[in-house]
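A short worksheet on the structure shown next.
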2 protein chains.
Amino acid sequence: METVSTARSFGGTQGVYRHASTACNCEMTFALFLPPQAEKGKVPLLWYLSGLTCTHQNVMDKGEYRRLAAELGMAILCPDTSPRGDDVSDEPDNWQFGKGAGFYLDATQAPYATHYRMARYITEELPQLVAENFPLDMTRQSIFGHSMGGHGAITLALKAPDRFRSVSAFAPIAQPSTAGWSRPAFEKYLGSDETAWRAYDTTLLIADGHKLPELLVDQGTADSFLDDGLRPWLLQEACAKADIPLTLNMREGYDHSYLFISTFMDDHLRWHAERLFRA
Amino acid sequence: METVSTARSFGGTQGVYRHASTACNCEMTFALFLPPQAEKGKVPLLWYLSGLTCTHQNVMDKGEYRRLAAELGMAILCPDTSPRGDDVSDEPDNWQFGKGAGFYLDATQAPYATHYRMARYITEELPQLVAENFPLDMTRQSIFGHSMGGHGAITLALKAPDRFRSVSAFAPIAQPSTAGWSRPAFEKYLGSDETAWRAYDTTLLIADGHKLPELLVDQGTADSFLDDGLRPWLLQEACAKADIPLTLNMREGYDHSYLFISTFMDDHLRWHAERLFRA
């Protein structure tokens, strides 16, 4: 693992690191904020998964998570959204597929299966790497994310109920298997047999019996992707049927950008901290 | 004036606006955050001047000023750092001169005098424009900035003691007329007669009798520009000689980036608010 950069911030350290990934079969970069408390012992770990077109850097620049994470004593881990590199198959003119659009799944179809294994990367390889290299209490992990990363956070948590103490999302894609911007990607990554897609769709995972103790979601009412891409009412229906307590905050006038995310970042950090620091 | 974008943020509005500037003889873009209180009446205005290579956008993305500005009820105005456009003279490979490096002065030398009139833009044209278009209490203005923008904030405040209620800076260039990264720019913008440079140099303006009621500066000790470019001890000497109360906070381990600025943003916002809201 190579240190790309570190800088002091709010008494802690914002780092960027690069490593050769076996899951993704390429070099991967991630951002990790360690709060001041990490100088004295292990700290809980909150994962943040980013949305379409993002790298590790967007939330690092615009998420405004460090002030409160430093106060609360939580590490924030921000992975990239897809494999990277010249030999990674891509559609450069399509922002909804390929690089920047890994959808946190393990592709099974050629040529994508060679690199697009973000589920395995996030759930197996990266946890092991950060546990070995940083003072993190891996018994205390939570996860959240934005848009495609909200989809990633919820689906990964549904499939690993013992791993994450809490999960939340900003404007998550509720049903990617039917949404216009993700359906073509699912077909290319996973093939045309839609039964294989169910493992990567929040509403279908819930329908298939996967559970969460509770879920927090914030969604802007002025989000231009609300009606076609995100559709929080599908999440509401699925959670209601499965008796999963969902707190869905519809935020009047907010859009899909980091100006929305940063506004409600503190609420989500406090919500996760309450659950991460419970005995 | 044209609205480039607006988005809800922390209950207020982060806007970006473009207008034809007569001072700079080109189109200029600026960012303005209006806190929620601006819906009910005029709010105080805090100017933020950015550093070399920046546009209006860097601090908008990475400065983390909106949460507390919304709470305190202050508008934050972030201008660009130079004139822009294809017909603006520039040295594209030189990040210390030309576009992104206006040094908040009015150039007198050809070909730069045609567009590089940032002092006039910031002190005359932009205040009039925003006063006409937004609910701002122009009797309550303060100013701060970073690096070249710290230089800009302090020099402009020294020359307009009645206009700004308070001035502060992150890692300001204390003596640009002798610093390696600004001396060549001063010569090109202002000519070889160094007496003309004194009006744009904090330490020399103070030596020439210009006053401030007080000054707040934060400076990282791990800032790579500390010894050659910034030299806060020159500011300390000048303020001591002139009996200007200077609070200089040397911040252990912090660099020159927005990871430093955002860490101490709240301190500066509170400091200005105390002075802006005084009767």
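The values are calculated or read from the model by the stated rules, or taken from the named source; none is laboratory data. Fair warning: this is a prediction, and the values are worked out from it, not measured in the lab. Glycine also receives a Cβ, built like all others from the backbone with ideal geometry; neighbour counts cover every protein chain displayed. SASA here: full protein model, heavy atoms, side chains in, ligands and nucleic acids out. Shrake-Rupley method; radii C 1.70, N 1.55, O 1.52, S 1.80 Å.
Among the candidates B:260, B:264, the residue that is surrounded by fewer than 22 Cβ atoms within 10 Å (Cβ to Cβ) and in a helix (DSSP H, G or I) is uniquely B:264.
When residue B:194 is tested against (1) closer than 22 Å to residue B:271 by Cα; (2) more than 18 Å from the chain's Cα centre (by Cα), exactly one condition is not met: (1). Quick check: anything in the range A:51-68 at pLDDT 95 or above, farther than 25 Å from residue A:85 by Cα and hydroxyl-bearing (Ser, Thr, Tyr)? The answer is yes; a qualifying residue exists. Taking the conditions (1) open to solvent by 50 Å² or more (accessible area, probe 1.4 Å); (2) out of contact with any Gly (no Cβ under 9 Å at 6 or more places or on another chain); (3) farther than 23 Å from residue B:172 by Cα in turn, residue B:113 satisfies each one other than (1). Within the range A:203-228, being crowded, with 19+ Cβ neighbours inside 10 Å and touching a strand residue (DSSP E or B) at 6+ places or on another chain (Cβ under 8 Å) holds for A:212, A:215, A:216, A:217, A:218, A:219, A:220. Could you tell me whether residue A:231 is open to solvent by 10 Å² or more (accessible area, probe 1.4 Å), more than 14 Å from chain B (Cβ to nearest Cβ) and at pLDDT below 95? No. If you go through the range A:234-279, how many residues are of a type in the set (Asp, Glu), over 26 Å from residue A:201 (Cβ atoms) and away from chain B (no Cβ under 14 Å)? Qualifying residue count, the range A:234-279: 1. Picking from residues in the range B:1-56 that are small (Gly, Ala, Ser), more than 14 Å from the chain's Cα centre (by Cα) and within 20 Å of residue B:112 (Cα to Cα), the one that is farthest from the other protein chains (Cβ to nearest Cβ) is B:23.
Of everything listed in (1) open to solvent by 40 Å² or more (accessible area, probe 1.4 Å); (2) under 26 Å from residue A:138 (Cα atoms); (3) in a helix (DSSP H, G or I), the single unmet condition for residue A:279 is (3).
Only one of the numbered conditions (1) open to solvent by 40 Å² or more (accessible area, probe 1.4 Å); (2) of a type outside the set (Asp, Glu); (3) under 20 Å from residue B:103 (Cα atoms) is violated by residue B:241, and that is (3). Could you say whether any residue in the range B:137-157 is of a type in the set (Phe, Trp, Tyr), open to solvent by 20 Å² or more (accessible area, probe 1.4 Å) and touching a residue at least 24 places away in the same chain (Cβ under 8 Å)? No, because not a single residue in the range B:137-157 is of a type in the set (Phe, Trp, Tyr), open to solvent by 20 Å² or more (accessible area, probe 1.4 Å) and touching a residue at least 24 places away in the same chain (Cβ under 8 Å).
Name every residue in the range A:93-110 that is acidic (Asp, Glu) and open to solvent by less than 50 Å² (accessible area, probe 1.4 Å), in order of residue number.
Scanning the range A:93-110 gives a single hit, A:106.
Looking only at the range A:159-175, which residues are hydrophobic (A, V, I, L, M, F, W, C) and over 13 Å from the mean Cα position of the chain (by Cα)? Residues satisfying the conditions are A:160, A:174.
Listed by position, the strands (runs of 3 or more DSSP E) contained in the range B:19-92 that have at least 3 residues being open to solvent by 10 Å² or more (accessible area, probe 1.4 Å) are B:26-34.
Select from the range A:169-202 the residues that are among the polar types (S, T, N, Q) and in contact with a Ser or Thr (Cβ under 8 Å, 6 or more places away or on another chain) and write down the one among them that is least open to solvent (accessible area, probe 1.4 Å). Checked the range A:169-202; the qualifying residue least open to solvent (accessible area, probe 1.4 Å) is A:202.
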